[in-house]
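The values are calculated or read from the model by the stated rules, or taken from the named source; none is laboratory data. As the structure is a computational prediction, the values presented were derived from the model and not from experiment. Neighbour counts are summed over all protein chains in view; Cβ atoms, including those assigned to glycine, are modelled from backbone coordinates with ideal geometry.
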Amino acid sequence: MRIKLSDIRSELPPLVHLALPLIAGELGWVSMSLVDTIMLGHLPNSALAMSAAALAQVLFNTFCFGVGGVLLGLDTLISQALGAKEQQEANRWLLHGLVMALALSALLIAIFALTPVLLFRLPVDRAILAQAVPAMQGLNYGTLPLLLYFTFRRYLQAHHHGRPIAFALISANLVNAGVDWLLIFGHHWNIAAHSYGIPAFGVTGSSWATSFARLYLMAVLVFAVWRADRNHHYGLLASLHQRAWLRIEYQHLRRLFLLGAPAGASIFVEIAIFALVTALIATFGRLPLAGHEVALQCASTTFMVPFAISAATSVRVGHAIGRMRIGLGTTANVIAAGWSGIGTGAAFMLCASVLLLSIPTAIARLFTPDPGVIAAAVPLLLIAAGFQFFDGVQITATGALRGAGNTHAPFITQLIAYWAIGMPLGILLGFHEKLGAAGLWWGLLIALTCGAFAMCYFWRRTTHSLIA
């Protein structure tokens with residue numbers, strides 16, 4: 001079936017309506033780590049502080065978002081249930097998602113408890129590790145709130161309630177920035193002839209602020225779900241009186257895990273390569289690692305926009321398939337939902353590429369006045385500009401595939417593109433060809449380019465299977 005431009009144009013308004021608050025929310029999410037990095041970049045020894053934060057954050061995010069990515073299966077299950085007008089089934093998926101979040105949190109907390117032993121075996125500057133290890137432990141306090149937030153968010157966005165998510169993440173930035181200011185830098189006050197003060201906790205204080213902000217995020221979304229249920233009569237509170245609704249069923253947990261595990265593994269594979277690149281760059285010293293952190297924060301910020309569009313695309317595709325099941329939709333609706341998301345994400349990332357190419361030095365200077373860190377960051381920002389478009393395509397196509405229930409293709413694609421192609425080439429360029437951090441980033445560019453082409457192929461094949 002050939003997709004018509006008119007079908008895509010008709011899909012764009014609801015997609016954008018759902019995606020805009022999610023974009024605001026995702027930018028609010030990444031702004032937390034941006035603020036952390038900028039504040040740490042103004043400490044006396046900024047290269048050391050930024051390097052330690054980079055190592056702690058990327059290792060925490062690799063495991064937390066990889067394991068917690070199992071909950072992305074809720075995008076498919078809740079959206080398709082709502083598309084088929086099965087509200088109680090959507091509620092039951094929320095319940096099983098919460099149970100899964102508790103189990104995954106226990107696993108992650110145990111993993112992070114062992115990380116100090118593993119980190120000190122890395123061939124990395126001991127001064128960096130001395131600050132990175134307590135920062136990892138500080139981030140661990142926010143593990144359970146973060147996974148519960150993930151679960152409630154899936155439920156809200158499947159119901160097209162994007163504004164509470166955006167509000168939660170934007171306001172959490174204010175919380176994070178305020179606590180950052182209190183804990184990163186030392187403060188002393190003289191009140192009524194008494195001296196009060198808070199010592200400077202540096203990188204560790206930044207991690208505590210992040211965990212506190214994640215606790216706040218969870219609390220806001222709990223309230224948002226309660227308010228949405230009360231205003232729209234979803235039946236959540238009413239179902240609490242029914243013991244049958246509260247029964248946890250193995251087959252539901254199994255289905256969620258089997259659907260979400262490849263999605264989580266896909267995220268793990270993608271983030272893990274950035275974690276490995278970070279660890280390898282750490283062996284080059286503080287300045288390359290600090291420059292890498294600046295470039296990574298910029299690439300992560302632009303990535304959040306297509307990442308939000310990917311979530312909206314997943315919901316739109318899931319709804320369209322759910323409507324097909326009850327005869328209220330067609331395959332053309334599904335195809336249009338997918339390609340409109342992919343096109344929108346790619347268009348934004350082209351604009352981001354132009355920005356990174358135009359003013360890389362000015363962007364790096366926003367993070368730190370240290371000329372050494374700026375000089376290390378600029379070449380990496382130029383390489384990041386080269387993979388923006390492909391990063392936008394691959395993540396939005398992943399969302400379209402997830403909405404259709406295909407979570408295996410993205411995992412296989414990223415496993416091959418990142419680990420069989422991109423990483424070996426990056427190591428070859430970085431170490432054998434002596435390109436250093438830039439060589440490793442060229443490997444990332446090659447991996448994302450391969451991934452983008454493969455994801456589009458798999459989405460096209462998935463739509464053909466729907467027609468058949």
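Below are the figures for this structure:
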{"read-out": "Subset of the stretch 45-57 [surrounded by fewer than 23 Cβ atoms within 10 Å (Cβ to Cβ) and assigned to a helix (DSSP H, G or I)]", "value": "SER46, LEU48"}
{"read-out": "Out of LEU156, LEU169, LEU258, sole residue that is buried (at least 16 other Cβ atoms within 10 Å of the Cβ), assigned to a helix (DSSP H, G or I) and at pLDDT 90 or above", "value": "LEU156"}
{"read-out": "Counted residues, the stretch 21-44 - those being farther than 29 Å from TYR149 by Cβ and assigned to a helix (DSSP H, G or I)", "value": "0"}
{"read-out": "Tally of residues being of a type in the set (Phe, Trp, Tyr) and out of contact with any helix residue (DSSP H, G or I) (no Cβ under 7 Å at 6 or more places or on another chain) across the stretch 420-450", "value": "1"}
{"read-out": "Condition broken by VAL117, with the remaining ones in (1) part of a helix (DSSP H, G or I); (2) more than 30 Å from ALA377 (Cβ to Cβ); (3) touching a residue at least 24 places away in the same chain (Cβ under 8 Å) satisfied", "value": "(3)"}
{"read-out": "One residue from ALA420, ALA454, ALA447, ALA438 being out of contact with any Phe, Trp or Tyr (no Cβ under 9 Å at 6 or more places or on another chain), buried (at least 16 other Cβ atoms within 10 Å of the Cβ), closer than 24 Å to ARG402 by Cα and aliphatic (A, V, I, L, M)", "value": "ALA454"}
{"read-out": "Residues being among the acidic types (Asp, Glu) and under 20 Å from the mean Cα position of the chain (by Cα) - total across the stretch 1-45", "value": "2"}
{"read-out": "Subset of the stretch 4-31 (residues that are at pLDDT below 80 and either among the hydroxyl-bearing types (Ser, Thr, Tyr) or surrounded by 16 or more Cβ atoms within 10 Å (Cβ to Cβ) (or both))", "value": "SER6, ASP7, ILE8, GLY25, GLU26, GLY28, TRP29, VAL30, SER31"}
{"read-out": "Those residues of the stretch 317-343 which are polar (S, T, N, Q) and surrounded by fewer than 22 Cβ atoms within 10 Å (Cβ to Cβ), in sequence order", "value": "THR330, THR331, ASN333"}
{"read-out": "Top-ranked residue of the stretch 418-468 - restricted to ones that are hydrophobic (A, V, I, L, M, F, W, C) and not in a helix (DSSP H, G or I), ranked as farthest from the chain's Cα centre (by Cα)", "value": "ALA468"}
{"read-out": "The one condition in (1) of a type outside the set (S, T, N, Q); (2) surrounded by fewer than 20 Cβ atoms within 10 Å (Cβ to Cβ); (3) closer than 30 Å to LEU18 by Cβ that VAL393 fails to fulfil", "value": "(2)"}
{"read-out": "Search result, residues across the stretch 283-296 that are touching a Leu at 6+ places or on another chain (Cβ under 7 Å) and buried (at least 24 other Cβ atoms within 10 Å of the Cβ)", "value": "GLY291, HIS292, ALA295"}
{"read-out": "Where ALA110 falls short, out of the listed (1) outside any helix (DSSP H, G or I); (2) out of contact with any helix residue (DSSP H, G or I) (no Cβ under 9 Å at 6 or more places or on another chain); (3) not hydroxyl-bearing (Ser, Thr, Tyr)", "value": "(1)"}
{"read-out": "Which numbered condition VAL277 misses (of (1) β-branched (Val, Ile, Thr); (2) in contact with a His (Cβ under 9 Å, 6 or more places away or on another chain); (3) at pLDDT below 85)", "value": "(3)"}
{"read-out": "Test: residue in the stretch 208-231 that is touching a residue at least 40 places away in the same chain (Cβ under 8 Å), out of contact with any strand residue (DSSP E or B) (no Cβ under 7 Å at 6 or more places or on another chain), acidic (Asp, Glu) and on the phi < 0 side of the Ramachandran plot", "value": "no"}
{"read-out": "Which listed residue, of LEU71, LEU77, LEU18, LEU82, is assigned to a helix (DSSP H, G or I), in contact (Cβ under 8 Å) with a residue 40 or more places away in the chain and out of contact with any Gly (no Cβ under 7 Å at 6 or more places or on another chain)", "value": "LEU77"}
